[in-house]
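Novice: I'd like to ask some things about the structure below.
The values are calculated or read from the model by the stated rules, or taken from the named source; none is laboratory data. Computed from a predicted structure; not experimentally measured. Because the Cβ atoms are built from the backbone with ideal geometry, glycine has one as well, and the counts that use them run over all protein chains shown.
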C-alpha cells in the first residue's frame, strides 16, 4: 500500500479510459482519487483544496499541463505539491521541458499503471521520511532541516520541490563523495533506468538556479555524476 487512505490524488487527464485505469490502480493502493479533464478547472480546484499528489497530462483543454505546472509552482499554496506528468510525447526535449517547469517525475504514454504506482510510491516514501531529532544539515550558509523539510540560505528561506530537496539532501549526506546518476535515481526517485539520467541533470540545474551561492560547489564529475565540494572557510551570503 502507498500509505494512509487519507491521501488524496488529483488526476488531470481528458482521456476517460486512462482516468479509469489510473483511478483503479491508485484506489487499489488505498488512495482517494478525484479526476478533472480541464486544466483551468484543475487550477481552480487546487486553489480550493489541498491534494497530496497531482497526476497531470501534458495535453489538456483550458490550460495545458506545462502551463498549469508552472502556475502551481509560482503559487505558495501549491509550490510543494508533488507532480507526476503524463505525456504522449516520447522526445527527450519534451520530457525535459516538463521537468524544467517543476514536475517531480514523468511517465511516457503508453505506460504501465504499475509503473505509475511505483513512481507515486517513491514520491510518498521520500516525503514521509522524517529524521526526527536529527540536527539540520549545514554547508556554509546553507541549512537543510530534514524534519521540517525546509531550506535556508544565509537565513533566507529557499523553496525546493520534493525531488530537489531530496537531491540536495543526498548530496549533503554524501559528504563530498561522488554520487553517480544511477545512484541518485535509486536514492531520490526510487527507481533505475538509463533514460532517467537526464532527469537527474535537470534537477541539479534547478538546484543550482535556486541556490546560486551553492552552484560553484555542486560539481559535475564527468561522466559519472555529481558531488558537493566542501564549503569555503568564509562563505559570502
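Novice: For the list (1) in a helix (DSSP H, G or I); (2) at pLDDT 95 or above; (3) buried (at least 19 other Cβ atoms within 10 Å of the Cβ), I need the number of the one condition that residue 11 fails.
Specialist: (1)
Novice: Another question about this same structure. Tell me, please, whether a residue that is out of contact with any strand residue (DSSP E or B) (no Cβ under 7 Å at 6 or more places or on another chain) and farther than 30 Å from residue 158 by Cα can be found in the stretch 95-109.
Specialist: no
Novice: Still on this structure, I have one more. Does residue 27 satisfy the criteria of being free of Cβ contacts under 8 Å to residues at least 12 places away in the same chain and over 30 Å from residue 158 (Cα atoms)?
Specialist: On the way: free of Cβ contacts under 8 Å to residues at least 12 places away in the same chain: yes; over 30 Å from residue 158 (Cα atoms): yes.
When the stated conditions are applied, residue 27 passes them.
Novice: Being modelled with pLDDT of 90 or more, on the phi < 0 side of the Ramachandran plot and either under 14 Å from the mean Cα position of the chain (by Cα) or in a loop (DSSP other than H, G, I, E, B) (or both) narrows it down to one residue among 208, 227, 177; which is it? Walk me through it before giving the result.
Specialist: Working: 208 fails: either under 14 Å from the mean Cα position of the chain (by Cα) or in a loop (DSSP other than H, G, I, E, B) (or both); 227 fails: either under 14 Å from the mean Cα position of the chain (by Cα) or in a loop (DSSP other than H, G, I, E, B) (or both).
The unique qualifying residue is 177.
Novice: Could you say which residue among 48, 20 is more than 17 Å from residue 82 (Cβ to Cβ), at pLDDT 95 or above and out of contact with any helix residue (DSSP H, G or I) (no Cβ under 9 Å at 6 or more places or on another chain)?
Specialist: Values: 48 fails: at pLDDT 95 or above.
Only one candidate qualifies: 20.
Novice: Next question, about the same structure. Got at least one residue in the stretch 146-169 being surrounded by fewer than 13 Cβ atoms within 10 Å (Cβ to Cβ), at pLDDT 90 or above, assigned to a strand (DSSP E or B) and outside the structural domain of residue 108 (by TED's automatic domain parsing)? So that I can check it myself, show each step before the final result.
Specialist: Just the residues of the stretch 146-169 that are surrounded by fewer than 13 Cβ atoms within 10 Å (Cβ to Cβ), to begin with: 147-148, 155-157.
Keeping just the survivors that are at pLDDT 90 or above gives 155-157.
Now drop any that are not assigned to a strand (DSSP E or B), which leaves 156-157.
Pick out the ones that are also outside the structural domain of residue 108 (by TED's automatic domain parsing) and you get 156-157.
Within the stretch 146-169, one or more residues are surrounded by fewer than 13 Cβ atoms within 10 Å (Cβ to Cβ), at pLDDT 90 or above, assigned to a strand (DSSP E or B) and outside the structural domain of residue 108 (by TED's automatic domain parsing).
Novice: Considering only the stretch 16-29, I want to know if a residue exists there that is in a loop (DSSP other than H, G, I, E, B) and closer than 22 Å to residue 190 by Cβ.
Specialist: There is at least one residue in the stretch 16-29 that is in a loop (DSSP other than H, G, I, E, B) and closer than 22 Å to residue 190 by Cβ.
Novice: If you don't mind, another one. Determine which member of the set 99, 66, 60 is at pLDDT 90 or above and not in a loop (DSSP other than H, G, I, E, B).
Specialist: On the way: 99 fails: at pLDDT 90 or above; 60 fails: not in a loop (DSSP other than H, G, I, E, B).
Checking each option against the conditions leaves just 66.
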